[in-house]
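The values are calculated or read from the model by the stated rules, or taken from the named source; none is laboratory data. Being a predicted model, the structure only gives us computed values, none of them experimental. In this analysis, Cβ positions are derived from the backbone assuming ideal geometry, glycine residues included, and neighbour counts consider all displayed protein chains.
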Amino acid sequence: MLDADLLAARFAGKAQPLKAALLDQRNIAGLGNIYVCEALWRAGLSPLKPAGAVVDAKGRPRKTLVLLMEAIRAVIADAIAAGGSSLRDHIQTDGTLGYFQHSFSVYDREGEPCRKPGCGGTVERIVQAGRSTFYCPRCQK
Ligand SMILES: [Zn+2]
């Protein structure tokens with residue numbers, strides 16, 4: 001599912017914002033809105049960056065894409081450690097999120113200080129393709 005070379009091939013030349021490209025089920029299956037927001041924050045990447053910008057001229061993953069893949073894996077691992085055995089386990093039968101909601105770094109934190117040490121930025125919310133995106137404009141480039 002999470003392969004940097006495969007994603008590089010899909011993102012190459014795309015002007016579509018990185019956030020939207022990551023939510024596109026044709027690129028990666030099953031990555032939810034919260035996980036994408038959290039992973040982009042961890043990787044220090046702007047959700048507005050064109051997807052093609054994380055791919056080099058030869059169609060290979062840039063360092064930024066490799067870091068993003070590591071961030072996605074880390075977010076998923078943390079979510080599982082926080083109480084679920086898979087991503088879907090975090091949606092309870094009543095529609096609320098599970099334990100992971102208490103450990104969000106950026107999601108649903110609009111107007112609050114960025115938690116990255118030394119950043120000093122403020123989390124903002126924007127809407128992309130009809131979904132809320134939470135990010136820190138100071139440290140996510
Ligand atoms: Zn920040």
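Return the residues of segment 9-19 that are under 16 Å from residue 43 (Cα atoms) and surrounded by fewer than 21 Cβ atoms within 10 Å (Cβ to Cβ); say none if nothing qualifies. Across segment 9-19, the qualifying residue is only 17. Considering only residues in segment 125-141 that are under 17 Å from residue 20 (Cβ atoms) and either surrounded by fewer than 14 Cβ atoms within 10 Å (Cβ to Cβ) or of a type in the set (Asp, Glu) (or both), the one that is nearest to the ligand (Cβ to nearest atom) turns out to be 127.
Scanning segment 34-87 for residues that are at pLDDT 90 or above and among the polar types (S, T, N, Q) turns up 46, 64.
Going through (1) closer than 24 Å to residue 119 by Cα; (2) assigned to a helix (DSSP H, G or I); (3) touching a Phe, Trp or Tyr at 6+ places or on another chain (Cβ under 8 Å) one by one, residue 47 falls short only on (2). Scanning segment 50-68 for residues being surrounded by fewer than 20 Cβ atoms within 10 Å (Cβ to Cβ) and assigned to a helix (DSSP H, G or I) gives a total of 6. Of the residues examined, residue 115 is one that is at pLDDT 90 or above and either surrounded by fewer than 17 Cβ atoms within 10 Å (Cβ to Cβ) or not small (Gly, Ala, Ser) (or both). When residue 101 is tested against the conditions (1) within 14 Å of the ligand (Cβ to nearest atom); (2) at pLDDT below 95; (3) over 23 Å from residue 21 (Cβ atoms), the lone failure is (1).
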